[in-house]
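The values are calculated or read from the model by the stated rules, or taken from the named source; none is laboratory data. From a predicted model like this one, the values you see are computed outputs, not experimental measurements. Methodologically, a virtual Cβ is constructed for each residue, glycine included, from the backbone with ideal geometry; neighbour enumeration extends over all protein chains shown. All accessible areas refer to the heavy atoms of the entire protein, side chains included, with ligands and DNA or RNA removed. Shrake-Rupley method; radii C 1.70, N 1.55, O 1.52, S 1.80 Å.
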Amino acid sequence: MAKYVTKNQKEDEKRVVSVRIRKPVFEAFKGASIAAKEYGYSMSLSVVFETAMEDAVSEFKEISGLDYLDMQKTNLDKNWESKFKSNIKKFKSKPKK
């Protein structure tokens with residue numbers, strides 16, 4: 001296993017998402033997040049949001065049998081591998097000086 005070299009993952013790309021959240025819920029999260037720091041913990045809105053989205057997709061999978069998260073990860077892996085392979089071909093075809 002590589003100690004210093006890690007494989008880049010296409011799934012690590014992030015998207016900016018804008019949502020409307022009821023003010024009392026947002027203020028409660030904000031207050032809890034600040035208080036969590038005093039207890040040595042952290043709360044991240046992006047982590048909570050991402051986890052909630054993954055849970056929603058999993059819940060739909062239980063209902064429908066369709067695993068959209070797996071489908072997306074598979075597509076990303078395929079695209080990443082094809083991009084990687086094409087870059088290797090380009091590198092190998094360049095004349096060495």
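Summary table
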item: Test result for N75, open to solvent by less than 100 Å² (accessible area, probe 1.4 Å), modelled with pLDDT under 85 and under 19 Å from the mean Cα position of the chain (by Cα); result: no
item: Output for segment 15-45, where each listed residue is of a type outside the set (A, V, I, L, M) and surrounded by 10 or more Cβ atoms within 10 Å (Cβ to Cβ); result: F26, E27, F29, K30, G31, S33, K37, Y41, S44
item: Flag for S58 being modelled with pLDDT of 90 or more and exposed (fewer than 10 other Cβ atoms within 10 Å of the Cβ); result: no
